[in-house]
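One structure is given here, and the rest of the page talks about it.
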Amino acid sequence: MSRVYNFSAGPAVLPEEVLLQARDEMLNWHGCGMSVMEMSHRGKEFISIAEEAEADLRELMAIPDNYKVMFLQGGASSQFAAIPMNLLRGKQAADYLSTGSWSKKAVSEAKRFCEVNVAASTDGCNFTTAPAQADLKLNPDAAYVHYTPNETIQGVEFPYIPETGDVPLVADMSSAILSRPVDVSKFGMIYAGAQKNIGPAGLTVVILREDLIGETIPGTPTMFNYATMSEGGSMYNTPPTYGWYFAGLVFKWLKRKGGLRAMEEVNERKAAKLYAQIDGSEFYSNPVTPTSRSWMNVPFILANKELDASFLSQAKDAGLVTLKGHRSVGGMRASIYNAMPEQGVEALIDFMVDFEKRNG
Ligand code: PMP
């Protein structure tokens with residue numbers, strides 16, 4: 001069976017090399033006679049897998065020593081609640097930048113726990129741009145500032161890291177983590193669901209500055225308490241062991257590929273080619289301000305909506321799948337994460353050119 005080019009927003013394409021390695025190690029990991037799925041999370045084999053994955057992630061992202069790395073369950077969506085529970089630290093209010101569907105969800109959840117100051121919203125322009133630093137109405141007394149550097153549905157990516165002074169910056173990096181280097185020291189917390197650039201769904205990575213850990217609001221469930229989770233090495237309960245292992249294989253793959261600088265170079269090129277194709281044609285369009293366009297999620301619409309269904313079915317016949325845009329936005333969306341080879345983007349572009357010739 002030949003594999004397709006899968007443009008899904010998540011769960012998303014994984015590196016073929018890593019899938020093959022996981023297959024080879026499936027029944028008997030490193031001669032121990034069992035699968036990683038069958039191991040005790042407290043046994044020496046799994047502890048070595050877990051520690052190596054964390055060390056590799058720390059190396060890839062150059063995570064400073066005063067940050068904890070946690071491998072949790074519950075998806076990025078659980079963090080929408082865990083963040084106010086842990087990071088309000090006696091304060092009443094937090095700042096949120098509302099720049100698309102996911103940051104809106106984070107806002108709704110935070111409202112259950114605190115006063116939310118929406119320090120910027122691009123709702124008025126249908127979430128087609130990132131706000132400028134000068135337009136952020138930040139509250140110096142906020143407990144933290146939350147934002148979504150890359151909005152997976154709208155395809156909007158901040159071209160800069162917001163400057164928030166002494167107020168910790170919290171980033172939902174679900175769809176951008178590992179796509180290029182970032183200066184972790186600029187953040188109080190970074191979190192991401194794994195199912196885009198890290199590994200299988202079911203694992204959530206949290207990178208948190210140590211001094212922010214320790215004070216929770218009354219009633220915080222143990223499973224949502226960062227002190228409990230970080231002190232126990234993410235093993236207060238049974239962690240998502242297979243996802244953690246698989247993420248470790250992806251981290252090794254990234255290191256072999258040259259790390260995040262090398263990823264940045266390829267990702268920038270892949271995105272530039274696809275946007276150039278969209279912009280160079282009257283047949284396709286993308287509504288996002290060019291400087292705020294996502295490198296990972298590229299939404300585009302066809303001039304004639306009636307052609308959507310045949311675009312999708314013919315693309316599928318050509319081995320290009322999961323291109324349908326999110327139901328809230330419509331049209332198409334090509335998610336081109338780290339594991340999408342450049343040839344996949346080129347195959348999509350060739351198909352788009354051909355489809356336009358036949359239907360434009
Ligand atoms: N934030 C962003 C930016 C996302 O793209 C997603 C998933 N598409 C989520 C949060 C929700 O993640 P999860 O399904 O892991 O809860």
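The values are calculated or read from the model by the stated rules, or taken from the named source; none is laboratory data. For clarity, every value in this text was computed on a predicted model and none was experimentally measured. For neighbour counting, all protein chains shown are included, and Cβ atoms are generated from backbone atoms with ideal geometry for every residue, glycine included. Ligands, DNA and RNA are stripped out before the accessible areas are found, and what is left, the full protein with its side chains, is counted by its heavy atoms. Shrake-Rupley method; radii C 1.70, N 1.55, O 1.52, S 1.80 Å.
Of P149, P15, P290, the residue with the greatest mean-square motion in the GNM of the chain, using alpha carbon springs below 10 Å, is P290.
Put simply, the C-alpha atoms of the stretch 215-360 give a gyration tensor, and the ellipsoid matching it has half-axes of 38, 19, 15 Å, longest first.
In whole angstrom, the stretch 60-201 maps to an equivalent ellipsoid with semi-axes of 20, 18, 16, each derived as √(5λ) from the alpha carbon gyration tensor and ordered largest first. Each residue of the stretch 238-245 is assigned a 3J(HN,Hα), and the resulting list reads 6, x, x, 4, 5, x, 5, 4 Hz, derived from the Karplus form 6.51 cos²θ - 1.76 cosθ + 1.60 (θ = phi - 60°), x at Gly and Pro. Loop-located trypsin sites (Lys or Arg not before Pro) in the stretch 1-110 (DSSP state not H, G, I, E or B) with no more than 13 neighbouring Cβ atoms inside 10 Å: R3, R42. Using a Gaussian network model of the chain with C-alpha springs under 10 Å, which one of P299, P64, P200 is most mobile by mean-square fluctuation? Highest fluctuation among the options: P64. How many percent of all Cα-Cα pairs in the stretch 268-318 sit more than 16 Å apart? In whole percent, the share of Cα-Cα pairs in the stretch 268-318 beyond 16 Å is 45. With contacts taken as Cα pairs under 8 Å at a separation of at least 6 residues, the chain carries a relative contact order of 23 percent. Normalised size of the chain, defined as Cα radius of gyration per 2.2 N^0.38 Å with N residues, equals 1.01. For the stretch 179-301, the gyration tensor built on C-alpha atoms gives a prolate shape. Its axis ratio a/c (a ≥ b ≥ c) is at least 1.5, and a/b is the larger of a/b and b/c.
Placing unit charges on the Cβ atoms only, positive for Lys and Arg and negative for Asp and Glu, gives the stretch 289-360 a dipole magnitude near 320 debye about its Cα centre. Here's how it looks for H146: its modeled amide H is under 5 Å from those of D95, Y96, L97, V170, which are all 5 or more places away or on a different chain. Across the accessible surface of the chain, with the other protein chains kept in place and a 1.4 Å probe, carbon and sulfur atoms take up 51 percent. Partners of K305 within straight-line reach, counting lysines whose Cα lies under 16 Å from its Cα and excluding those fewer than 8 residues away in the same chain: K324. Under the convention that each Lys and Arg Cβ holds +1 and each Asp and Glu Cβ holds -1, the size of the dipole of the stretch 77-222 around its Cα centre is about 320 debye. Please compute, over every Cα-Cα pair in the stretch 216-261, the percentage with a separation greater than 11 angstrom. Value for the stretch 216-261 (Cα pairs over 11 Å): 72 percent. Computed over protein heavy atoms with a 1.4 Å probe, the accessible surface of the stretch 181-334 works out to 42 Å² per residue.
Put simply, the stretch 228-290 fits an ellipsoid with semi-axes of 39, 17, 10 Å; these come from the alpha carbon gyration tensor as the roots of five times its eigenvalues, largest first.
Annotation: amide H of I336 within the under-5 Å range of N297, V298, sequence separation 5 or more or interchain, hydrogens built in the peptide plane. Could you give the size of the charge dipole of the chain about its Cα centre, using +1 on the Cβ of each K and R and -1 on the Cβ of each D and E, expressed in debye and rounded to the nearest 20? Dipole size: approximately 500 debye. Accessible surface area normalised per residue over the stretch 76-151 is 39 Å², counting heavy atoms of protein chains with a 1.4 Å rolling probe. For I153, the residues 5 or more places off, or on other chains, whose built amide H falls under 5 Å of its own are S101, W102. Among H30, H146, H326, the largest mean-square fluctuation in a Gaussian network model of the chain, built with springs joining Cα atoms closer than 10 Å, belongs to H30.
For the chain, the mean residue ellipticity at 222 nm estimated from helices alone is -11000 deg cm²/dmol, where every DSSP H run of n ≥ 4 contributes -39500 (n - 2.57) and the total is divided by all residues, rounded to the nearest 500. The Rg/Rh ratio for the stretch 117-238, using Cα coordinates for both the radius of gyration and the Kirkwood hydrodynamic radius, is 0.98. Remark: the stretch 67-80, residue by residue, has Karplus-estimated 3J(HN,Hα) of 10, 8, 10, 10, 10, 10, 10, x, x, 4, 4, 5, 5, 4 Hz, where x stands for each Gly or Pro and the curve is 6.51 cos²θ - 1.76 cosθ + 1.60 at θ = phi - 60°. Between D141 and M26, the modelled label-to-label distance comes to 5.8 nm, taking each label 7 Å out from Cα in the direction of the beta carbon. With only the Cα atoms considered, the stretch 1-71 has a convex hull volume of 144 Å³ per residue.
Karplus-derived 3J(HN,Hα) values for the stretch 118-133, using 6.51 cos²θ - 1.76 cosθ + 1.60 with θ = phi - 60°, are 7, 6, 6, 9, 10, 4, x, 10, 6, 6, 10, 7, 9, x, 7, 3 Hz; glycine and proline are entered as x.
Taking 7 Å steps out from each Cα toward its Cβ at E163 and M37 produces label points 5.1 nm apart.
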